[in-house]
Structures are given as C-alpha cells and as structure tokens.
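Trainee: Have a look at this one before I ask anything.
The values are calculated or read from the model by the stated rules, or taken from the named source; none is laboratory data. Keep in mind that this is a model prediction, so the values were computed, not measured. Quick reminder, even Gly has a Cβ in these numbers, built from the backbone with ideal geometry, and neighbours come from all protein chains shown.
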2 protein chains.
Amino acid sequence: MLNIVVLGTGNLAKHLFQAFSKTDKAQVVQVVGRNQDQLQWFADSVSVSNDFSSILDADVYLVSVKDDAIAEVSQALSHKKGVVAHTSGAVPLYAIAAERKGVFYPLQTFTKGKTLDFSTIPICIEGNDNVTLGILEELAKSISEQVYQINSDQRKKLHLAAVFVNNFTNYLYGVGEAICMDSNLSFDLLKPLIMETAEKVQYLSPKEAQTGPARRGDQNSMQEHLKLLKDKKQIELYKLCSVAIEHIYEKEL
Amino acid sequence: MLNIVVLGTGNLAKHLFQAFSKTDKAQVVQVVGRNQDQLQWFADSVSVSNDFSSILDADVYLVSVKDDAIAEVSQALSHKKGVVAHTSGAVPLYAIAAERKGVFYPLQTFTKGKTLDFSTIPICIEGNDNVTLGILEELAKSISEQVYQINSDQRKKLHLAAVFVNNFTNYLYGVGEAICMDSNLSFDLLKPLIMETAEKVQYLSPKEAQTGPARRGDQNSMQEHLKLLKDKKQIELYKLCSVAIEHIYEKEL
C-alpha cells in the first residue's frame with residue numbers, strides 16, 4: 001500500500017482525498033495546509049497539520065496548491081526520499097525541488113461538494129526517472145482506469161485544449177442562457193441539447209458531429225441570426241465561429 | 001388517439017416516427033416524401049407515399065422538411081382540416097398555408113441511427129388558435145414531459161441560442177481535438193471533461209460554473225496559452241472568449 005501526504009486543502013485536494021479513501025492500494029496518512037479552517041474538513045478522518053516542518057514520511061507527497069505556490073511548498077519537501085508530485089496542468093515538472101519529481105494531473109473540472117467517479121477521469125503522470133514514474137503509475141491506477149504518461153510540453157497543450165472545451169464552452173452556455181433570458185425563455189430548454197452535444201463527441205469526432213447553418217453554408221440563416229444579436233461580443237463570436245466552421249467544410253460544399 | 005401524417009423522410013422525421021411508435025396516444029398513419037429510398041425505411045411499419053396529392057386525412061400533419069421547402073409542402077395541405085405544423089426552429093408560424101397552422105419544434109440535435117429518449121426533450125409548440133394549440137399540446141405530451149408554448153419570435157431566439165450551445169460548442173470540441181492531435185495526444189483525454197462541463201450546468205448556472213484563467217484574471221496563464229497557439233482563428237477565439245469572460249467577472253476581481 002502506498003502512503004500519501006497531501007499538501008493543500010482546496011477543492012482538488014478534497015476530491016483526491018475522497019478518491020484515495022475508496023481504495024485499499026493507497027492511503028492518505030496526513031494532510032498539510034496553511035488554512036486551519038479547511039484542514040478541519042479532513043481532521044475527522046486523517047492526521048492534519050499546518051506546520052510544514054513536521055511533514056510525515058510517505059511514498060508520495062501530492063502538492064495540490066495554487067500554481068504559483070508549488071515551487072515554494074516543494075522546498076519544504078526537498079529533503080524527503082519519496083516522490084514529490086504536483087497536480088497542475090500548467091506547471092513544468094522541474095518546478096519541483098526534490099530528488100524524485102513528478103506530476104499527477106487529473107484532467108477534470110472539480111465542483112465543490114460534488115463527488116465524482118474517479119475511475120473514468122484521465123490521470124496524466126510524469127516523472128524524472130522510471131522509479132518515480134512506476135510509483136505514480138501505481139498510485140494513479142489505484143483510483144483511475146485512465147492513466148496516461150505525458151511530458152510537460154504535452155501537458156501544457158492539454159491544459160490549453162481543456163480551456164477551449166471546458167472554460168470557453170461554459171462561456172458559450174452562458175451566452176445561450178443570456179439569449180434565453182432576454183426572451184423570457186427558461187435556460188432549462190437548452191439543457192438536454194447541451195448534454196446531447198457533449199455525448200455525441202464521446203463516439204463521433206467533432207468534425208463528423210458538426211451541424212448548423214455554418215456547417216451547411218446557409219448564409220440566409222446566418223444573416224437572420226446576426227440581425228437578432230445586439231451584444232457586440234456575441235456578434236463577433238458568432239461571426240468568428242461561423243467563418244471558422246465554414247472554412248473547415250468549404251471543400252465539401 | 002391522434003392520427004398523424006408525417007411529411008418528410010429525413011433524420012428528424014425518423015426520430016419522430018420512432019417516438020410516436022412508443023405511445024398509444026398517437027399513431028403515424030402515413031409517411032409522405034419525395035425520396036423513394038428514404039421512404040423504404042418506413043415502409044415496413046406504415047403506409048408510405050411519394051404522391052403529395054394522395055395524403056390521408058389526419059388530426060395532425062407534421063411537415064418535417066428543409067426550412068425552405070416548408071411553405072411549398074404546406075400548400076399540398078392547404079385544404080386539410082387537421083393541424084398542419086412544421087418542426088423547424090427558424091421558420092415563422094405563418095409560413096404554413098392551412099387553416100390550422102402550428103409549430104412542433106423538438107429542441108435537440110438528432111444523430112442518424114441513435115435512438116433518443118424523447119421524454120426529456122423539450123418540445124416547443126405554437127398554434128394560430130386555441131384548438132390547434134390544444135391538439136399540439138396533447139400530441140407533444142404523448143412523447144415528452146417537457147412541453148413549452150412559445151411564439152415565433154421566442155423560437156427564433158431559442159434557435160439562435162441553440163447555435164451557440166450546440167454548433168459553436170461542437171466547434172470548440174474540434175479545436176480541443178486539433179490541439180491534442182498536434183501534440184500526439186488522444187482526444188479521449190478530453191471526453192470526461194466535456195461530459196462534466198455539460199453536466200455542471202444542469203444544476204449550476206453557467207456564471208457560477210465558470211472556471212479557468214480568464215475567470216481568475218490570471219494574465220500570466222493567458223499569455224502562456226497564447227504563445228502555444230499558432231492558428232490565427234484559434235488565437236482570435238482565445239482572446240475573444242477570455243476578454244468576454246473577464247468582462248463578466250471584472251467587478252468581482
């Protein structure tokens with residue numbers, strides 16, 4: 001069984017803690033963080049500390065703090081023999097100050113209070129040597145069936161791709177909601193469509209799944225839509241996405 | 001039981017036919033269309049015809065053809081006493097040439113060959129009088145628990161909102177896929193995130209669900225991301241969405 005110390009008390013730290021509590025192949029032996037209030041969340045089930053000089057020995061130290069605090073927190077672990085791994089999509093492996101450096105990046109959006117099934121969440125691992133990688137692989141497989149070994153450059157790109165399909169997609173949902181509200185329509189009307197749009201690309205490529213006026217090169221419908229929009233950013237976005245979609249399919253039309 | 005004639009043999013016509021075959025409150029008595037090959041799909045289960053002058057009498061005629069053919073097809077029904085309703089998001093009620101004019105618009109994206117649970121699909125109805133509305137409501141409720149009465153102006157806006165949350169969202173999925181492919185990463189990595197992003201707004205508003213660098217006003221991360229992008233349209237899209245998201249939350253930061 002792998003012993004783990006979690007450093008950090010945020011949303012991801014909590015989700016990881018819950019995931020590890022469900023496997024007998026790994027256990028969290030301590031949670032260390034600055035925020036005494038947040039530590040209380042963990043205190044009933046595990047040893048907690050806000051003293052970064054009294055971190056227990058463990059096989060893996062998971063540094064789940066804000067990106068700009070990773071280097072500093074890892075300093076407190078520089079003398080440890082276990083693997084020190086951060087959980088960020090954007091920070092390079094070499095930000096870690098320890099002999100065994102690693103990354104343990106679960107690619108998902110984590111909502112406070114909503115338990116997720118970790119078995120389907122891709123965990124992207126990286127390590128500065130094979131022993132480190134082997135330990136992180138064992139740890140990742142203890143909670144997920146989707147374990148990928150990727151390097152720091154790939155991880156940066158993946159994080160960028162995630163911004164498009166998660167952050168920007170959510171922004172589009174917000175535009176949809178605003179247009180509905182503007183016409184006294186419930187956002188509920190769009191929810192099944194939002195789910196089905198996401199489900200479709202689970203088995204079709206987005207290129208195959210594309211529909212709509214821009215896909216068909218239907219200039220009339222696009223002009224009609226543009227007339228209905230008042231918000232400048234929405235107009236710009238409509239044009240940009242439509243032109244981009246038309247460009248992808250123009251050879252077929 | 002309501003008798004229905006379906007006019008049209010496309011994707012939506014097939015999905016509607018399947019949905020009505022599961023209820024005992026409505027039945028399709030005939031499918032009429034020009035395309036003999038497509039009519040074969042229906043021919044084992046129902047009377048079919050490619051002759052628009054021999055349409056059977058029914059309570060409701062569902063005109064499920066391309067937007068620009070609706071007015072013409074409805075001409076063939078102008079003498080009928082039943083409700084003539086089209087199934088389009090964009091065409092006004094008054095495109096229908098019949099005494100009882102209606103709209104029966106299921107708001108969903110329909111994939112060829114994939115059966116959907118109609119009970120959760122919003123059906124937006126409109127009619128030129130209360131009798132027409134009552135018949136369409138009965139018909140909609142026979143297959144869906146989500147029936148909304150909305151007017152033509154609202155429906156246009158709803159269709160526009162659907163373009164944002166469906167067509168443009170799918171385009172963003174494609175950008176994510178392209179970024180992955182460019183770095184030898186499987187698009188599978190993004191699939192759970194795509195699902196969870198859609199699931200989140202089923203119970204949180206998009207404004208509450210928003211995360212990411214733009215949401216946090218994290219200029220460093222955004223600059224790093226822009227450096228990774230080469231495609232001009234992707235760069236423009238990244239800037240546009242980020243500025244728009246920052247704008248929404250700037251008062252909070």
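Trainee: When the stretch B:154-190 is examined, which residues are found to be within 18 Å of A:Phe168 (Cβ to Cβ), surrounded by fewer than 21 Cβ atoms within 10 Å (Cβ to Cβ) and in contact (Cβ under 8 Å) with a residue 12 or more places away in the chain?
Mentor: Correct list: B:Ala178 only.
Trainee: Now, a different point. Looking at B:Met195, is it under 30 Å from A:Tyr148 (Cβ atoms), touching a helix residue (DSSP H, G or I) at 6+ places or on another chain (Cβ under 7 Å), of a type in the set (A, V, I, L, M, F, W, C) and surrounded by fewer than 20 Cβ atoms within 10 Å (Cβ to Cβ)?
Mentor: On the way: under 30 Å from A:Tyr148 (Cβ atoms): yes; touching a helix residue (DSSP H, G or I) at 6+ places or on another chain (Cβ under 7 Å): yes; of a type in the set (A, V, I, L, M, F, W, C): yes; surrounded by fewer than 20 Cβ atoms within 10 Å (Cβ to Cβ): yes.
It is true that B:Met195 is under 30 Å from A:Tyr148 (Cβ atoms), touching a helix residue (DSSP H, G or I) at 6+ places or on another chain (Cβ under 7 Å), of a type in the set (A, V, I, L, M, F, W, C) and surrounded by fewer than 20 Cβ atoms within 10 Å (Cβ to Cβ).
Trainee: Residues in the stretch A:138-147: is at least one part of a helix (DSSP H, G or I) and crowded, with 22+ Cβ neighbours inside 10 Å?
Mentor: Filtering the stretch A:138-147 down to residues part of a helix (DSSP H, G or I) leaves A:138-141.
The next check asks that each one be crowded, with 22+ Cβ neighbours inside 10 Å; those that pass are A:139-140.
Looking for residues that are part of a helix (DSSP H, G or I) and crowded, with 22+ Cβ neighbours inside 10 Å, one finds at least one in the stretch A:138-147, hence yes.
Trainee: Is at least one residue of the stretch A:209-219 at pLDDT below 95 and on the phi > 0 side of the Ramachandran plot?
Mentor: Yes, the stretch A:209-219 contains a residue that is at pLDDT below 95 and on the phi > 0 side of the Ramachandran plot.
Trainee: Next question, about the same structure. Taking B:Leu253 and the conditions (1) over 29 Å from the mean Cα position of the chain (by Cα); (2) modelled with pLDDT of 95 or more; (3) more than 7 Å from chain A (Cβ to nearest Cβ), which numbered condition does it fall short on, given that it satisfies the others?
Mentor: Of the numbered conditions (1) over 29 Å from the mean Cα position of the chain (by Cα); (2) modelled with pLDDT of 95 or more; (3) more than 7 Å from chain A (Cβ to nearest Cβ), the odd one out for B:Leu253 is (2).
Trainee: Residues in the stretch B:163-189 that are over 19 Å from B:Ile235 (Cβ atoms) and of a type outside the set (A, V, I, L, M): how many? Outline the logic, then answer.
Mentor: The first filter runs over the stretch B:163-189 and keeps only residues over 19 Å from B:Ile235 (Cβ atoms), leaving B:163-167, B:169-170, B:184-189.
Among the residues that remain, those that are also of a type outside the set (A, V, I, L, M) are: B:164, B:166-167, B:169-170, B:184, B:186-188.
Residues that pass the stated criteria total 9.
Trainee: Ok, one more. So which residues in the stretch B:148-175 are in contact with a Cys (Cβ under 8 Å, 6 or more places away or on another chain), assigned to a helix (DSSP H, G or I) and more than 7 Å from every other protein chain (Cβ to nearest Cβ)?
Mentor: Residue satisfying the conditions is B:Arg155 alone.
Trainee: Let me ask you something else. Please go through (1) in contact with a His (Cβ under 9 Å, 6 or more places away or on another chain); (2) under 23 Å from B:Pro122 (Cα atoms) for B:His225 and return the number of the only condition it doesn't satisfy.
Mentor: Unmet condition: (2).
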